[in-house]
1. Percent of alpha carbon pairs in the range 250-318 separated by more than 14 Å?
2. How far is helix 191-201 tilted, in degrees, relative to the longest principal axis of the Cα atoms in the chain, given as a value from 0 to 90 rounded to the nearest 10?
3. Cα axis of helix 305-318 to longest principal axis of the chain: angle in degrees, 0 to 90, nearest 10?
4. Tell me, rounded to the nearest percent, the portion of alpha carbon pairs in the chain spaced more than 32 Å apart.
5. Rank-order 164-177, 298-311 by packing density, defined as the average count of other C-beta atoms within 10 Å over each peptide's residues, highest first.
6. Over 31 Å between Cα atoms: which of K18/K149; K29/K272; K17/K203; K272/K316; K146/K316 fall into that group?
7. Strictly over 19 Å apart at the Cα level, which of K287/K314; K2/K69; K2/K99; K102/K176; K76/K173 would you flag in this model?
8. Using a 10 Å cut-off on Cβ atoms, rank the peptides 284-297, 75-88 from the highest mean neighbour count down.
Amino acid sequence: MKVSVALCTYNGENYLKKQLDSILNQTIKVNEIVVCDDLSTDNTVAILNDYNENYPNLFSIHINAQNLKSNKNFEKAIQLCTGDYIFLSDQDDLWRQDKVEKTLEIFEKNPSAEGVFSNASLIDDNDKVLFEDISLWDSVYFFETKIIKPIDLHRLLLMKGNYLTGATLCIKKEVKEFCFPFQTLDKVFLHDEWFAYILSQRKTLFYSTENLISYRIHSNQQMGVGNIVKNAEKIKKSPRNMQIILGITKPKSFKDYKILTRTLFSQYEKYKELKMDTLLDSVKIEKKLLEYYFEADAQMKKVNPILYFFRKMKDKKKGKRQL
C-alpha cells in the first residue's frame, strides 16, 4: 500500500513548515508528497527545496509554468500522485498525528468507499483554537449529529450546497479514472464540491466525525470556506434556517418555505451553469432540483396565498427565480 499527498502551494511561507512537519509526523508514514507550486513569489519554493534535500525520494516538486489557481492546480497534483490512497492537503493547516491512520481505518471498514473526508477544528494564525464548540462542519452548516441517519449525502449536496472541504479529503487511486477533468467554476463550484458530487452520486463517499486536521483561518488564505466567524455567529443566533434546508426541522410557515425555495433555486442556477460531461448528467440534476423547488413552492402557496402572490410579483419585478 502506497500513500500519497497532493499538496498545492502559493506564497505559503508563513505556515508551510508546520504543515509539512505535521504530514511527516504521522503514525502511518506517507510514501510520497507531490507538490505543485503556483508560481510563488515568496520563500515557499526555497522551503520546499530544503525539505526535499532532507527527505530524499519523498518529495516530488513541480513549479507551474503559469498560475493555474486552486482548482486546476489540485487537478495537476492529483494526476501526478502514484499512491493507492491520495490525501489532499492545503499549505497552511495542521494534520492530527493519526489522520492517515484514522482515514485508512474507515476505508478498511467500508470496502465500497472511494473517498473519505473528515471534520476539523478551526485555528488562527498562532495555532489557537478559535471555537471550542464550533467545528469546520458547523461553519458550513453540516450538522452531522442532528441529520437523520443514514445521511443521503447526494441529496444533501443538492439541497444545501457543499459540505466537503478538500483539505480533509482522501481518495483511492481508482477515482482518478473518472474524475478528470474537473468540471468546475472558480469561486462557484470548486474541486472539493466536484468530488463530493461524483462520489456521493456513486454512494462511495464516507466520512470521519473526528477533527483530523486543524483548519487555519487567516487573512492571506487563497481558498477557504468564506467568513467563518460570521457563519459561526449565524449558527448561534438563528440555526433554524439551515435546519429546515437540511431536513432537521420540518418547514411550517411561509417564511420557512421562502427560505427553502430561495436556496433550492440558487442551487438550480449553479448547476445549470456547469458544463458537465456524461458522468454528471446536468439535465437530470436540474430536473431534480426543480422538482424539489416546485414541491416547496406549492406548499408555500398553500400556507399563505396572499403573501405568495406578493412574493411572486416582487420576484417578477426584480427578475428573480424566473423560469
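Each value in this text was obtained by applying a stated rule to the coordinates, not by laboratory testing. Keep in mind that this is a model prediction, so the values were computed, not measured. Cβ sites come from the backbone with ideal geometry, for glycine too, and all protein chains shown count toward neighbours.
1. Values: 1446 of 2346 pairs.
In whole percent, the share of Cα-Cα pairs in the range 250-318 beyond 14 Å is 62.
2. 70 degrees
3. 60 degrees
4. When every Cα pair of the chain is considered, 31 percent fall beyond 32 Å.
5. 164-177, 298-311
6. Numbers: K18/K149 37 Å; K29/K272 42 Å; K17/K203 36 Å; K272/K316 20 Å; K146/K316 36 Å.
Beyond 31 Å: K18/K149; K29/K272; K17/K203; K146/K316.
7. Details: K287/K314 25 Å; K2/K69 27 Å; K2/K99 15 Å; K102/K176 22 Å; K76/K173 14 Å.
Result: K287/K314; K2/K69; K102/K176 exceed 19 Å.
8. Working: 284-297: 16.8, 75-88: 20.6.
The most tightly packed comes first, giving 75-88, 284-297.
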